[in-house]
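Okay, so here's the structure we're looking at.
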Amino acid sequence: MARHDPTELARAAYAAYGGATGGKNYRGLPMPCWEDLTPVIQTAWEVAAEAIARRVLGLDKAGPPALPKRGASR
């Protein structure tokens, strides 16, 4: 298996997201720099990057778990 650093992948994904949105978040507000993200948000990006890496490497063919539908109670 190829070695990869989830944090570096997450930083790259976050930067790519910012590049695609003009540096705006989903609410249209300026994105903070990576270092200013909370640990929870950094971890979320790392988990997402890890899931993509596993999928690309053929280690996870099932894909990510389904997200809850909008308006569904948790």
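The values are calculated or read from the model by the stated rules, or taken from the named source; none is laboratory data. Not measured: the values here are computed from a predicted model. Positions of Cβ are backbone-derived with ideal geometry, glycine not excepted, and every protein chain shown enters the neighbour counts.
Looking only at region 49-58, decide whether some residue is in a loop (DSSP other than H, G, I, E, B), at pLDDT below 95 and surrounded by fewer than 10 Cβ atoms within 10 Å (Cβ to Cβ).
yes
Out of all the residues in region 1-24, which are assigned to a loop (DSSP other than H, G, I, E, B) and of a type in the set (Lys, Arg)?
Residues of region 1-24 assigned to a loop (DSSP other than H, G, I, E, B): 1-5, 22-23.
The one that is assigned to a loop (DSSP other than H, G, I, E, B) and of a type in the set (Lys, Arg): ARG3.
Considering each residue of region 25-48, count those that are closer than 16 Å to ALA12 by Cα, in a helix (DSSP H, G or I), of a type outside the set (D, E, K, R) and over 11 Å from the mean Cα position of the chain (by Cα), and give that number.
Qualifying residue count, region 25-48: 1.
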